[in-house]
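Q: Below: one structure in structure tokens.
Here, each number is a calculation from the coordinates, and none is a lab measurement. Being a predicted model, the structure only gives us computed values, none of them experimental. Here the Cβ positions follow ideal geometry from the backbone for every residue, glycine too, while neighbour counts run over all protein chains shown.
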């Protein structure tokens with residue numbers, strides 16, 4: 001069984017695409033900030049047309065499934081683990 005690592009920038013890109021489809025805007029009209037908190041775990045804030053939308057871990061995973069399917073041509077329901085990496089920031093490790 002192999003692994004794919006998705007960079008922090010690609011996680012942001014995945015959220016931008018996912019949110020753009022949900023909010024009917026272009027992906028470049030979405031700004032995203034990834035967050036990690038020891039108590040609440042991973043989350044993100046997406047800004048669309050000046051409005052902030054809070055995203056939980058499940059929302060990030062949903063965006064990554066879209067990214068896996070449409071941009072990486074991988075099985076979208078593979079195991080996805082978000083990881084806080086000292087050097088690379090927030091990354092996703094996909095078990096394929």
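Q: What nm value, rounded to one decimal, do you get for the distance between residue 37 and residue 86 when each label is placed 7 Å out toward the C-beta?
A: Spacing of the two 7 Å Cα→Cβ label points: 2.6 nm.
Q: How high is the relative contact order of the chain, given as a whole-number percent (alpha carbon pairs under 8 Å, six or more residues apart)?
A: The normalised contact order for the chain reaches 33 percent.
Q: Hey, what number do you get for the chain at 222 nm if only DSSP H runs of n ≥ 4 count, each worth -39500 (n - 2.57), divided across all residues, to the nearest 500?
A: Value at 222 nm, helices only: -10000 deg cm²/dmol.
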